[in-house]
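All remarks here apply to the structure that follows.
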Amino acid sequence: MNPQGSALLNVDYFNNLQASIDGVSSCEELQQIASDAMASIAATQDAITAELAKLQPILVLLSAPGLNPADIVSWITNFITSFLTPYTLPTVTYVAQLEELASKISSLQAAFSAASLKFPNCHIGL
């Protein structure tokens, strides 16, 4: 099996699907395989299309703006909006997650300590 991303398509999936189709014993089973396969393929197509749509604004940035100052300002603005902002958005999310995680850890530690008091000689290592 090829590592994820090393081939355009997972050919094994389609080969296994063909083997499943060849081995069906009823129309209902065939219909279930068809429904599952087409739903999976549609989801894959939708995911690829969504990712391509996200890349379209970035592809425009592959062309240099030229010497016109207005074009340069537009290019820089598009670079910030289309590339830098989405690229750094996870950083903002991660910082917020770490803050929330620290709060939840503190609450859990207090809960463990409080619960350990119910049991004689109970020491919870945290």
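The values are calculated or read from the model by the stated rules, or taken from the named source; none is laboratory data. These numbers were taken from a predicted model, which means no experiment stands behind them. Here the Cβ is made from the backbone with ideal geometry for all residues, glycine too, and neighbour counts use every protein chain on show. All accessible areas refer to the heavy atoms of the entire protein, side chains included, with ligands and DNA or RNA removed. Shrake-Rupley method; radii C 1.70, N 1.55, O 1.52, S 1.80 Å.
State the number of residues belonging to segment 60-73 that are open to solvent by 70 Å² or more (accessible area, probe 1.4 Å), of a type in the set (A, V, I, L, M, F, W, C) and assigned to a helix (DSSP H, G or I).
Residues in segment 60-73 being open to solvent by 70 Å² or more (accessible area, probe 1.4 Å), of a type in the set (A, V, I, L, M, F, W, C) and assigned to a helix (DSSP H, G or I): 2 in total.
For segment 24-59, what are the residues that are open to solvent by 100 Å² or more (accessible area, probe 1.4 Å) and outside any helix (DSSP H, G or I)?
The answer is SER25, and nothing else.
Give me the pairs: first residue in segment 54-66 and more than 12 Å from THR77 (Cβ to Cβ), second residue not in a loop (DSSP other than H, G, I, E, B), beta-carbon distance under 7 Å, and six or more apart or on different chains, which are they?
Taking only residues 6 or more apart or on different chains, the pairs are ILE58/SER82; ILE58/PHE83.
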